[in-house]
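I have placed the structure first, in the form of structure tokens, so that the comments after it can refer back to it.
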Amino acid sequence: MTGRRRTAEPYRIKMVEPLRVTTPEQRATAMAEAGWNTFLLRSDDVYIDLLTDSGTSAMSDRQWSALMMGDEAYAGSRSFFALERAVQEVYGFPYVVPTHQGRGAEHLISQILIKDGQYTPGNMYFTTTRLHQELAGAQFVDIIVDEAHDTTDRSPFKGNVDLLKLEHLIDEVGPAQIAYVSLAVTVNMAGGQPVSLANLRAVQDLCRLHGILVWGDATRCAENAYFIQQREPGYADHSVADILRQTMDCFDGITMSSKKDNLVNIGGFLAMRDEAILQRARELVVVYEGMPTYGGLAGRDMEAIAVGIHEMVDDAYIADRVRQVDYLGQQLLDAGVPIMEPVGGHAVFLDARRFLSHLDQEQFPAQTLAGHLYVDSGVRSMERGIVSAGRDPKTGANRTPKLELVRLTIPRRVYTDRHMDVVADSVIDLYERRESISGLEMLYEPPSLRFFTARFATL
Ligand SMILES: *Cc1c(COP(=O)(O)O)cnc(C)c1O
């Protein structure tokens, strides 16, 4: 990525958080007590926490200073206007409704735009997005390109929409039965894979033709913009800020989880161009989140988001962020470990299907691998496979996704490359003794979003 000359982080460390180092025996006990679910571990028992990049970013000194400027007025907070200005300047949407996090915005937009029995096509599902769509009465339809389901396909934009799939759905059910097209940039569940601007524009054109709205999930839009700069012909000389803006121009509105690219620990928002949708969102936000000028956030949270929105489009920052993810991925590839390729923007995904090829999907290979990685080195990861996919709401049967992955998610500005080396060593050791690893059975299954709280035992 950088040739012979190496680059380093465009920041220095001002404060440190000591980590507890545990023994293999302590970790084996902790894993058993957590029912082999890494979500149920205590963070004190974790050495390197790659569970998620959500809300785990290190804030900058400017963001910490901004916290002190928070205006905690119940209504009309100055901090809301700081957030609104940042959204207008960087994303280009005139209207914003803050929410406590991304799913709060997903709830609002699903309730506003979906009529019972409609469809919400999307470029691979995301757990909370799809659930809110289903709760509002919609049926999700996957319209991502086939390559996204193949961990060995090295296409540069594996998050793209397959336009034929979208056209086919429009022909089949009619445009009036499509609530909106729901597009994530990047696609978390496909491994943090980006969507090209050419593809977004083609989707936008097709949808305009049929009067269908295109709603973006902009959670990792800065990472997506960086990939466009690096990979899409014609954008190498554009800044990430400019590309991000062009990306947003393809959407009628977005949901945003600020816990990801906005570099804060909590928050999110819904942004849009249409005043009628804004009106409905303001009506609903007071019921579910809070006043339209705080939406479940403190004034200080909105200040920190406003600063983070500008920091996420700093070219040096975003280049280093994606570089570090790639640095971990390349070490694993060099050792022959099966991972999803190309490496995505926020995480390295181990391909548990190929890693533990002796296990059936019903023995939860990704859940198993995540558990063993923790016991081996105190590195916490998460399952993205059959457990996360849940059950079909109609038939009640397990969904059996093609992708059976373990996600090693890299928090932003938190760990050094040396931490990445420790992770790589542990994964490589496990790969070398993979045949000694046996699967799991599920002992407790909650009714929805089961991956968060399900419990397992070794077979
Ligand atoms: C995290 C995430 C969400 C939901 O956001 P929360 O802030 O966790 O509620 C939605 N979409 C994608 C792609 C995400 O990664």
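A few remarks follow.
- Any hit, segment 67-87, residues being closer than 21 Å to residue 292 by Cα, within 25 Å of the chain's Cα centre (by Cα) and of a type in the set (Val, Ile, Thr): yes
- Failed condition for residue 426, given (1) surrounded by 17 or more Cβ atoms within 10 Å (Cβ to Cβ); (2) polar (S, T, N, Q); (3) under 21 Å from the mean Cα position of the chain (by Cα): (3)
- Selected residue (criterion: nearest to the ligand (Cβ to nearest atom)) from residues of segment 260-277 that are open to solvent by 10 Å² or more (accessible area, probe 1.4 Å) and under 23 Å from residue 113 (Cβ atoms): 260
- Pairs, first over 19 Å from residue 67 (Cβ atoms) in segment 78-106, second away from the ligand (no atom under 16 Å from the Cβ) and acidic (Asp, Glu), C-beta under 6 Å, six or more apart: 96/84
- Flag set for residue 392, criterion: at pLDDT below 95 and more than 20 Å from residue 52 (Cβ to Cβ).
- Restricting attention to segment 224-256, the residues that are farther than 19 Å from residue 200 by Cβ and in contact (Cβ under 8 Å) with a residue 60 or more places away in the chain total 0.
- Odd one out for residue 191, checked against (1) open to solvent by less than 10 Å² (accessible area, probe 1.4 Å); (2) at pLDDT 95 or above; (3) of a type outside the set (A, V, I, L, M, F, W, C): (2)
- Criterion: in contact with an Asp or Glu (Cβ under 6 Å, 6 or more places away or on another chain) and closer than 15 Å to residue 438 by Cβ - qualifying residue of 363, 367: 367
- The number of residues in segment 3-19 being open to solvent by 100 Å² or more (accessible area, probe 1.4 Å) and either farther than 26 Å from residue 61 by Cα or in the same structural domain as residue 371 (by TED's automatic domain parsing) (or both) comes to 2.
- The residue pairs whose first member lies in segment 10-21 and is farther than 21 Å from residue 317 by Cα, whose second member is assigned to a loop (DSSP other than H, G, I, E, B) and of a type in the set (Phe, Trp, Tyr), and whose beta carbons are closer than 9 Å, counting only pairs six or more residues apart or on different chains, are 19/47; 20/47; 21/47.
- Some residue of segment 230-244 being open to solvent by less than 30 Å² (accessible area, probe 1.4 Å), within 13 Å of the ligand (Cβ to nearest atom) and of a type in the set (D, E, K, R): no
- Members of segment 352-376 found to be touching a residue at least 12 places away in the same chain (Cβ under 8 Å) and open to solvent by 20 Å² or more (accessible area, probe 1.4 Å), listed by number: 353, 354, 358, 359, 360, 361, 362, 363, 372, 375, 376
- Segment 285-299, residues that are in a helix (DSSP H, G or I), in contact (Cβ under 8 Å) with a residue 24 or more places away in the chain and surrounded by fewer than 19 Cβ atoms within 10 Å (Cβ to Cβ): 288
- Residue 350 being over 23 Å from residue 183 (Cα atoms), in contact with a strand residue (DSSP E or B) (Cβ under 9 Å, 6 or more places away or on another chain), outside the structural domain of residue 85 (by TED's automatic domain parsing) and of a type outside the set (Gly, Ala, Ser): yes
- Among the helices (runs of 4 or more DSSP H) confined to segment 60-170, the ones with at least 2 residues that are within 15 Å of the ligand (Cβ to nearest atom), open to solvent by 10 Å² or more (accessible area, probe 1.4 Å) and not hydrophobic (A, V, I, L, M, F, W, C) are located at 102-113, 127-135.
- Test result for residue 40, within 23 Å of the chain's Cα centre (by Cα) and assigned by TED's automatic domain parsing to the domain that holds residue 340: yes
- The single condition from (1) within 23 Å of residue 60 (Cα to Cα); (2) free of Cβ contacts under 8 Å to residues at least 40 places away in the same chain; (3) not polar (S, T, N, Q) that residue 333 fails is (1).
The values are calculated or read from the model by the stated rules, or taken from the named source; none is laboratory data. Being a predicted model, the structure only gives us computed values, none of them experimental. Cβ sites come from the backbone with ideal geometry, for glycine too, and all protein chains shown count toward neighbours. Ligands, DNA and RNA are excluded from the accessible area calculation, which covers all protein heavy atoms including side chains. Shrake-Rupley method; radii C 1.70, N 1.55, O 1.52, S 1.80 Å.
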